[in-house]
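Nothing in this text is a laboratory measurement; each read-out follows from the coordinates by a stated rule. If you're wondering where the values come from, they're calculated on a predicted model, not measured in any experiment.
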């Protein structure tokens with residue numbers, strides 16, 4: 001398992017919003033909702049649309065292209081369950097004012 005790496009500051013993503021960030025070759029959606037931070041791969045597994053540009057609602061993000069919904073905490077597809085239709089979620093923590101993510105592999 002890899003170490004946690006800083007992706008942004010907490011002030012970079014206001015409550016109720018999401019931002020796309022690039023970390024090496026990973027494009028990530030950093031989401032701040034309900035006082036929590038979540039990090040998903042910034043790519044809908046269906047059509048590749050940006051999840052950071054999706055619609056945020058309590059506990060999930062909706063892809064703006066075909067409206068698939070993904071659970072923020074684990075990436076589970078709420079409309080078409082099961083791989084390969086789930087988004088990839090990453091472990092995230094906040095240390096001081098830094099949002100950090102742990103990428104697998």
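Over the C-alpha atoms of the stretch 46-105, what are the Rg and the largest Cα-to-Cα span, Dmax, in Å?
Rg then Dmax for the stretch 46-105, in Å: 12.4, 37.
When the convex hull of the C-alpha atoms of the stretch 5-46 is computed, what volume per residue in Å³ does it have?
73 Å³
At q = 0.16, 0.17, 0.18, 0.19 Å⁻¹, what log₁₀ I(q)/I(0) does the stretch 4-102 have when each alpha carbon counts as one equal point scatterer in the Debye sum?
Values, matching the q order: -0.57, -0.65, -0.73, -0.81.
Compute a Gaussian network model of the chain, connecting alpha carbons closer than 10 Å, and tell me which residue from 94, 30, 39 fluctuates the most.
Of 94, 30, 39, the most mobile in the Gaussian network model is 94.
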